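What follows is a short report on a single structure.
The values are calculated or read from the model by the stated rules, or taken from the named source; none is laboratory data. Not measured: the values here are computed from a predicted model. The accessibility values were calculated without ligands, DNA or RNA, using every heavy atom of the protein model including side chains. Shrake-Rupley method; radii C 1.70, N 1.55, O 1.52, S 1.80 Å.
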Amino acid sequence: MRLLREQRGLSSAELARQAGLAKQTLSNLEQGTGNPTVDTLFAIAAALGVPVTRLVAEREQVMTVQRGDEVVWQQHPGYASRSLDHIYGSGVIENYVVRIGGESRAEGAGKPSEAHPVGTLEHLYVISGRVRVGPADTPVELSAGDFVRYPGDRPHVYESLDGESVVHIVVSVPRVQPGTGGVHVARSHGDGRR
């Protein structure tokens, strides 16, 4: 709840006012010491402009890894599919195919990328090569066919371990309500040119 409030640039007093709650009630909930009613949760969700499930679901900030040789493909008539991941909510979703290393190697390679806005997740699938990617303090080594999801709201690294590697990255940045003090989201892995 605090994360969503801060993303919208709201003080706790303003959110409490918009939700029709006492400021102390909101403070207790943010500290994890309150015991809200269903009506209280719906009032807070409405004031934040999110579904109530967003308030009660665990925040996705754990790294998840799928090894290509351990996944199960679902068989369908004429094709097979593999689910990589799913998230709930809305916001900006960016898709990139990224070459790491090889001819794309530039000065500063291996330096961590800057953190994206709070709540951002990166979903990375290795198409070819071997890479070391993820949070700068806990990167993971992956090979072609492997998948990882990790928090993008802290410094993270992309490093090829075998010449040039190619990865597909989906960056999901949570939605910020217009006019609520949100920060403009700059493109993270490209400049928009085709």
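Here are the numbers for this structure:
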quantity: Coordinate range along principal axes, alpha carbons of segment 107-163, Å, largest first; calculated: 30, 26, 16
quantity: Accessible surface of Asp39 - all protein chains present, 1.4 Å probe, nearest 10 Å²; calculated: 120
quantity: 12 Å tail of the calculated P(r), segment 9-59, as % of Cα pairs; calculated: 62
quantity: Rounded accessible area of Ile127 (nearest 10 Å², 1.4 Å probe); calculated: 90
